[in-house]
Amino acid sequence: MKSMGKRWVRWAFLGILVVFAGMQAVRPERINPPVKAEFTLAAQYEVPGEVMAILERSCGDCHSNRTRWPWYSHVAPASWLLADHVKDGRRHFNIDDFTEEMSLKDVCQEIRVGSMPLMNYLLLHPGAKLAGSEIQTVCAWTSGAKAK
Ligand code: HEC
């Protein structure tokens, strides 16, 4: 009985390996579109250096066109998740391509309630965590920010 159990484990492990290898064939796009100066947030609003530094550090990987793709972004299924987050993130808020549908008020809202940066991102990037004072700095700016 004991040896049969072991054999089962071996086959299951092999099965997982095969599935894992197969998953690698599905490669999502990891593109950093070119940054066009006239579309950036800074081209449209007066952004203090301090605020820009916070946004780039803590949000830039998902909300800019300058994503730093880590090694595990090449390994499925992480690659799928990451590509999806970046695509979705850029659509909602993009420092490098700030469109009319995007809202600075939401930026303050999201960080104040702690829903951004995403929890699973923070686990891998503890340096992206915002201090209370940084949240205040960003919110003070968003509440007064006027389009150029
Ligand atoms: C790991 C990727 C990631 C990081 C880092 C990240 N975001 Fe997001 N963000 C997303 C995704 C994905 C969405 C869209 C889905 C959602 O709302 O959860 C989103 C949505 C948003 C939205 C739109 C919310 C809405 O309801 O429309 C805002 C605003 C936002 N993020 C701001 C920020 C700010 C500010 C930071 C940095 C402090 C940040 N995000 C960091 C991935 C990220």
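Values for this structure:
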| read-out | value |
| --- | --- |
| Filtered residues of the stretch 119-148 (kept if open to solvent by 40 Å² or more (accessible area, probe 1.4 Å) and closer than 13 Å to Leu104 by Cα) | Ala140, Ser143, Gly144, Lys146, Ala147 |
| Residue match in the stretch 111-122 (condition: more than 30 Å from Arg27 (Cα to Cα), basic (Lys, Arg) and out of contact with any helix residue (DSSP H, G or I) (no Cβ under 9 Å at 6 or more places or on another chain)) | no |
| Out of Val35, Val51, sole residue that is of a type in the set (Val, Ile, Thr) and open to solvent by less than 50 Å² (accessible area, probe 1.4 Å) | Val51 |
| The lone exception for Arg90 - which of (1) open to solvent by less than 100 Å² (accessible area, probe 1.4 Å); (2) more than 15 Å from the chain's Cα centre (by Cα) it fails | (2) |
| Helices (runs of 4 or more DSSP H) lying entirely in the stretch 1-105 (those with 3 or more residues that are within 15 Å of the ligand (Cβ to nearest atom) and in contact with a helix residue (DSSP H, G or I) (Cβ under 8 Å, 6 or more places away or on another chain)) | 49-59, 78-92 |
| Unique residue being under 18 Å from Leu104 (Cβ atoms) and either touching a Leu at 6+ places or on another chain (Cβ under 9 Å) or not small (Gly, Ala, Ser) (or both) when the list is Pro48, Pro70 | Pro48 |
| Count of residues meeting criterion [touching a residue at least 12 places away in the same chain (Cβ under 8 Å) and assigned to a loop (DSSP other than H, G, I, E, B)] in the stretch 124-148 | 6 |
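The values are calculated or read from the model by the stated rules, or taken from the named source; none is laboratory data. Small disclaimer: the values here were computed from a predicted structure and weren't measured. Cβ atoms come from the backbone with ideal geometry, glycine included; neighbour counts cover every protein chain shown. Accessible surface is based on the protein model in full, side chains and every heavy atom, while ligands, DNA and RNA are left aside. Shrake-Rupley method; radii C 1.70, N 1.55, O 1.52, S 1.80 Å.
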